[in-house]
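*Asks:* Following this message is one structure expressed as structure tokens.
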Amino acid sequence: MSTILPYLINWLQEFGYPALWLVIFVASIGVPLPISLVLLAAGAFAALGDFNVLLLILIATSASVCGDNVGYFIGRRWGTKALDWLEQSRKLRVVSPRTVTRSREYFKQRGGWAIFLSRFLFSGLGGVINLLAGADPYPYRRFLLYDVIGELIGAVNALLLGYVFGASWEEIGDLLGAFSGLTLALLVVILIVALLLKMVQRTKAERVGQTSQTVDLEKDVLEQASLMSESGQLPPLEDSS
């Protein structure tokens, strides 16, 4: 359990909706705060009659989307120039231009899923994904669509779980954290296996290509020798059989 969580909960109880909006907004920009636990607690308080759960959903979603947009435009303002510089720079090769280009192309193809899932399943990656989406730059309308849908799902899930389980919201938070970590670890393993399989396939293709080149070269040598033999430049080739 986060050490800052009790302060956030007290702040929520004391200042209500404005405190919730501000905390979620700051976390969505990229500051590491336990927002899922705060939303679970807010849902539990709503079950007690302290808050309106529909208003909580509206506040949580709007604050998250606003914070995500700030991160997106920060990436668009400074991140794009940084990626362009890495892609074109010849003096400093921390990352190869080819790697940057392929990463940008991959994010354009798969970025929608990254944006969507980081809103509620891998929320800890949300701030980084926002910066990358802006730096790429990922089309803003598509970013906003995936962002709003994902944040709405995340807010509804956390608030309703807190509302239903009430006083047990802390245990639910621990279960959600463990599930998210396990899912992330499984995803990393799948990606590593996929990369290894791709490397093996590439190595096999290179070996096949080298073998075919060697065979072609041997054929060319034999043909040239045969032509020279026919023209009298070399003695006739004898059949070893």
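*Asks:* Please compute the net charge surrounding V23, taking Lys and Arg as +1 and Asp and Glu as -1 over other residues with Cβ under 15 Å from its Cβ.
*Replies:* Net local charge, V23 excluded: -3.
*Asks:* Points 7 angstrom from Cα along the Cβ direction at T80 and L55: gap in nanometres?
*Replies:* Inter-label distance under the simple model: 4.0 nm.
*Asks:* Going by how many other Cβ atoms sit within 10 Å of their own, how do I29, I24 line up, fewest first?
*Replies:* Listed from fewest to most nearby Cβ atoms, that is I29, I24.
*Asks:* Add +1 for every Lys or Arg and -1 for every Asp or Glu among the other residues with Cβ under 10 Å from the Cβ of E151, and state the total.
*Replies:* Local charge sum for E151: -1.
*Asks:* Let me ask something additional. So if each residue of separation counts as 0.36 nm, and I subtract the Cα-Cα distance between L144 and F15, what length gain in nm does that give?
*Replies:* Length gained, L144 through F15: 43.5 nm.
*Asks:* A follow-up question, please. Around V200, with a cut-off of 13 angstrom between Cβ atoms, what is the net charge of the other residues, counting Lys and Arg +1 and Asp and Glu -1?
*Replies:* Net charge in that neighbourhood comes out at +3.
Computed from the coordinates by the stated procedures, all read-outs in this text should not be read as laboratory data. Bear in mind the structure is a predicted one, so any value in this text is a computation, not a measurement. So basically every Cβ, Gly included, is an ideal-geometry build from the backbone, and we count neighbours across all protein chains shown.
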